[in-house]
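*Asks:* Following this message is one structure expressed as structure tokens.
Please treat every number below as a calculation from the coordinates, not as lab data. This is a predicted model, so every value here is computed, not measured. Heads up, the Cβs are rebuilt from the backbone with ideal geometry, glycines too, and the neighbour counts pull from every protein chain shown.
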Amino acid sequence: MDDSANAPYPVVLQVLPALDGGGVERGTVEMTQAIVREGGVALVASAGGRLVHQVERARGRHVTLPLDTKSPWRIWRNAAALAELIKRERVDIVHARSRAPAWSARWAARRAGVHFVTTYHAPYSEDLPLKRRYNAVMAAGEIVIAISHFVAGLIRERHGVAPERIRVIPRGVDPALFDPAKVARDRMVRLASSWRVPDGQPTIMLPGRLTRWKGQTVLIEALALMANREACVVLVGGDQGRTAYSAELVALAERLGVGDRVRLVGHCDDMPAAFMLSDIVVSASTAPEGFGRVVIEAQAMGRVVVGSDHGGAAETIAQGETGFRAAPGDAAALAAALDAALAMGGEARAAMGAAARASVSEHYTVAMMQAATIQVYRDVLSG
């Protein structure tokens, strides 16, 4: 007997390449929680990964398909597999979160006659012929979710999507998880010892995987230009096998004379404690990010953030009120902003951090993101 015959309504299938970690993947898990909580059935199709257990712990069901490929042949085969899945599980809504699997999902949804929703997660590049056409599938949903006003503008400009089809739904943080009051001192001491963070020296942290566009080189160059000669930089994030880039960062720090004040510490499983260990958190992306979850996570922990003045960060950082913005890729501008933040003193930084946390609580929580996305599902079901 097919158990899906007695399944609660609606059935939502989220489609993405894999569940290895990152903003798209965490958003998928968070929406799995919300769909189940609303009485629906949450299905997730991907190539798998370390977050599959979180989907299952949220009482969602994961279906493994090779959706992490851009091969036209595999995209077509995936479309057929998704169409069969939609029919078998009586799916009502297909929610696509990435381009290659979105092509498969769109075809499958059309074939099955079910609703198709997309989340446009990033300012996808258009540096190759036909790239805009490839990206356009993310603007093909009945409703297109944009993760920031910046992304919404790109959708209108590049794809001509009518404003009434676009919903701006920012990413969110869980204020219960990212709560300064819940970080015990021993968690911070453990990290400080492991990372060899000097006691009493200002600590500047840049969280993010080690890849050039995240701006690690810009921050190291800024450290060498700063008037404050005591500050220590901690780069948190794995290199995902990019050992040459890691070696380049170490060599750059040594060449600029700041090697003893730069730490590459790899992946961190306790980001709330990492944020609390920091005096300043940096988001130095040289290309605009669609949103930038690191900014609001740090702000939720009451940290002052210095970010690049473009993309989503220009919306989440109120200049001089909840943090500072600097020209992207400009080491001198970043150095000046960092010096200004450190020169404020502890009490002034704490006040700015409190304002940042209040802003997150008002605008950028997981609960808000979940509720707004559930409303999108209701709207497409009601026509």
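*Asks:* Can you tell me the length gained on complete extension of the stretch Tyr245 to Ala80, counting 0.36 nm per residue apart and subtracting the Cα distance? Please list the in-between numbers first.
*Replies:* On the way: separation 165, 0.36 × 165 = 59.40 nm, distance 3.97 nm.
Contour length minus Cα-Cα distance gives 55.4 nm.
*Asks:* So what is the 222 nm mean residue ellipticity for the chain from helices alone, if each DSSP H run of at least 4 adds -39500 (n - 2.57) and you divide by all residues, rounding to the nearest 500 deg cm²/dmol?
*Replies:* My calculation for the chain gives -13500 deg cm²/dmol from helical runs alone.
*Asks:* For each of Thr243, Thr32, Thr69, Thr365, count neighbouring Cβ atoms within 10 Å of the residue's Cβ, then give the residues from fewest to most.
*Replies:* Ordered from fewest to most neighbouring Cβ atoms within 10 Å, Thr243, Thr32, Thr69, Thr365 come out as Thr243, Thr69, Thr365, Thr32.
*Asks:* Something else: How do Val114, Val91 rank when sorted from fewest to most other Cβ atoms within 10 Å of their own Cβ?
*Replies:* Starting with the residue having the fewest Cβ neighbours, the order is Val114, Val91.
*Asks:* Further question: Can you give the extra length, in nm with one decimal, that the chain gains between Ala184 and Ala332 once fully stretched, where that is 0.36 nm per residue apart less the Cα-Cα distance?
*Replies:* Between Ala184 and Ala332, full extension yields 49.7 nm more.
*Asks:* Where a Cα-Cα gap under 19 Å defines reach, which aspartates and glutamates qualify for Lys87, not counting those fewer than 8 residues away within the same chain?
*Replies:* Partners found: Asp2, Asp3.
*Asks:* Considering amide H positions built from the backbone, and no H for Pro or chain starts, which residues 5 or more places from Val234, or on another chain, come under 5 Å of its amide H?
*Replies:* The answer is Ile204, Met205, Leu206, Arg263.
*Asks:* Could I ask something else about it? Can you give the log10 of the normalised intensity I(q)/I(0) at q = 0.06, 0.07, 0.09, 0.13 Å⁻¹, computed with Debye over equal Cα scatterers of the chain?
*Replies:* Normalising to I(0) and taking log10 leaves -0.25, -0.33, -0.55, -1.07.
*Asks:* How large are Rg and Dmax for region 175-229 when only the alpha carbon atoms are used, in Å?
*Replies:* When restricted to Cα atoms, region 175-229 yields Rg and Dmax of 14.3, 38 Å.
*Asks:* Please arrange Glu289, Glu362, Glu30 by counting, for each residue, the other beta carbons lying within 10 Å of its beta carbon, fewest first.
*Replies:* Glu362, Glu30, Glu289
*Asks:* Can you list the lysines whose alpha carbon sits under 24 Å from that of Lys131, skipping same-chain ones fewer than 8 residues off?
*Replies:* Here the lysines satisfying the reach criterion relative to Lys131 are Lys70, Lys214.
*Asks:* If I take every Cα pair under 8 Å that is 6 or more residues apart in region 180-363, average their sequence separation and divide by the length, what percent do I get for the relative contact order?
*Replies:* 23 percent
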